1. Out of everything in the stretch 191-201 that is part of a helix (DSSP H, G or I) and in contact with a Pro (Cβ under 9 Å, 6 or more places away or on another chain), what residue ends up being surrounded by the most Cβ atoms within 10 Å (Cβ to Cβ)?
2. Being open to solvent by 20 Å² or more (accessible area, probe 1.4 Å), farther than 26 Å from Ala273 by Cα and out of contact with any Gly (no Cβ under 6 Å at 6 or more places or on another chain) is the filter here, so list the residues in the stretch 101-125 that pass it.
3. If I filter the stretch 73-83 down to residues being in contact with a Gly (Cβ under 9 Å, 6 or more places away or on another chain) and in contact (Cβ under 8 Å) with a residue 24 or more places away in the chain, which single residue comes out as farthest from Val192 (Cα to Cα)?
4. Search the stretch 23-65 for residues being at pLDDT 85 or above and β-branched (Val, Ile, Thr), and hand back the single one that is farthest from Leu11 (Cα to Cα).
5. State all residues of the stretch 108-125 that are under 25 Å from Pro197 (Cβ atoms) and part of a loop (DSSP other than H, G, I, E, B); if no residue qualifies, say none.
6. Taking Thr91, is it assigned to a helix (DSSP H, G or I) and either at pLDDT below 85 or over 24 Å from Gln21 (Cβ atoms) (or both)?
7. Quick one: count up the residues across the stretch 169-190 that are open to solvent by 30 Å² or more (accessible area, probe 1.4 Å), of a type outside the set (A, V, I, L, M, F, W, C) and outside any helix (DSSP H, G or I).
8. As an exercise: evaluate Thr211 against (1) farther than 25 Å from Gln280 by Cα; (2) of a type outside the set (Phe, Trp, Tyr); (3) open to solvent by less than 80 Å² (accessible area, probe 1.4 Å) and give the number of the one condition it does not meet.
Amino acid sequence: MDAHGQLGTFLQARRAQLQPQDVGLPTYGDRRRVPGLRREELALLAGVSASYYTRLEQGASCHASVEVLDAIAGALRLEETERLHLRDLATACRHRRTVRRPPAERLAPAVRDLVSALDEVPVVVTGRRSDVLAWNTLGHALLAGHVDPTGPERPADRPNMARLVFLDAHIRELYVDWPAKARAVVGNLRLVAGRHPQDARLTSLIGELTTRSTEFAGMWADHRVRACDSAEYELRHPLVGALTVRQQTLTGASEPEQSLVMVTATPGSASQAALELLAQATTTEAGNLPSRRSALASYQPEPGTIRSAR
């Protein structure tokens, strides 16, 4: 991923998503040759020269100050997460580094201990690139029961949540509003790519998903960014049926690249009862894991139930 290109395409994409009336600019009924705002209009709103802003979009300049970046962010109506993403892109643009293939991530001991302690709550730990570094029994059964539960223990075989969301039919069927989950995954990957433009493994993952999923390619081209802190999803689970859960992502100061995702349901709700039933099922069948894995792997969604993003 070229840092210059990322900064420019992000600015272009967000400028194209703003209309003159959105920012109080008159149009005088003129026919516009470009979608959204013109570069000159955006530069005017940000208080910078049109030529300087053009150089930023074209990757010819990478030395914008924080004040200029904040002014551009304000003109583009960016939210706080998007503002930070813009700063990350500008920083990466200023500091060119050789693209490298980093070693596989290791689960932090403190995070491993936390996963062990949270055995009654579905938990999944993901790394920088959304590789699954660990999960407890209930987290595996709820979110990816058809996948080998021992995969996270082997770096070469680790499941990747972004790859599962876009390329795995079981996961697509699991989320009732699959497009919302997919957009959240893409938005988070955008944030990570802005912070780590030289990560060859991340570049490879994004390239693979872009090639294999037209839906991912379309969402990636939108340049939306989103921090996956907390979100509510409706699930269709093959064992316990429909339930509504909240996925909350926690990161620690010592291991900011490792995210612990906890899944909860409203106390006393039918969804909470479904989670408890799933916990009982996983405990009861722990000694018969191969047969349970085989049964889940053979589960196929009913024809016509898989929806695609639009």
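1. Looking only at the stretch 191-201, we keep the residues that are part of a helix (DSSP H, G or I), and these are 191-195, 200-201.
Subsequent filtering for residues that are in contact with a Pro (Cβ under 9 Å, 6 or more places away or on another chain) retains 200-201.
Working: Ala200: 14, Arg201: 18.
The residue in question is Arg201.
2. Taking the stretch 101-125 and keeping what is open to solvent by 20 Å² or more (accessible area, probe 1.4 Å), we get 101, 103-107, 109-114, 116-121.
With farther than 26 Å from Ala273 by Cα added as a condition, the list becomes 101, 103-107, 109-113.
Arg101, Pro103, Ala104, Arg106, Leu107, Pro109, Ala110, Val111, Arg112, Asp113 - these are the residues of the stretch 101-125 that are open to solvent by 20 Å² or more (accessible area, probe 1.4 Å), farther than 26 Å from Ala273 by Cα and out of contact with any Gly (no Cβ under 6 Å at 6 or more places or on another chain).
3. Here is the first cut: in the stretch 73-83, the residues in contact with a Gly (Cβ under 9 Å, 6 or more places away or on another chain) are 75, 81, 83.
Pick out the ones that are also in contact (Cβ under 8 Å) with a residue 24 or more places away in the chain and you get 75, 81.
Values: Ala75: 24, Thr81: 12 Å.
Among residues in the stretch 73-83 that are in contact with a Gly (Cβ under 9 Å, 6 or more places away or on another chain) and in contact (Cβ under 8 Å) with a residue 24 or more places away in the chain, the one farthest from Val192 (Cα to Cα) is Ala75.
4. That would be Val48.
5. Passing the criteria: only Ala108.
6. Details: assigned to a helix (DSSP H, G or I): yes; either at pLDDT below 85 or over 24 Å from Gln21 (Cβ atoms) (or both): yes.
The answer is yes for Thr91.
7. Here the count works out to 1.
8. Evaluating Thr211 over (1) farther than 25 Å from Gln280 by Cα; (2) of a type outside the set (Phe, Trp, Tyr); (3) open to solvent by less than 80 Å² (accessible area, probe 1.4 Å) leaves (3) as the failure.
The values are calculated or read from the model by the stated rules, or taken from the named source; none is laboratory data. Given the structure is predicted, the values throughout are model-derived calculations rather than measurements. Glycine gets a Cβ as well: all are built from the backbone with ideal geometry, and neighbour counts include every protein chain shown. Ligands, DNA and RNA are stripped out before the accessible areas are found, and what is left, the full protein with its side chains, is counted by its heavy atoms. Shrake-Rupley method; radii C 1.70, N 1.55, O 1.52, S 1.80 Å.
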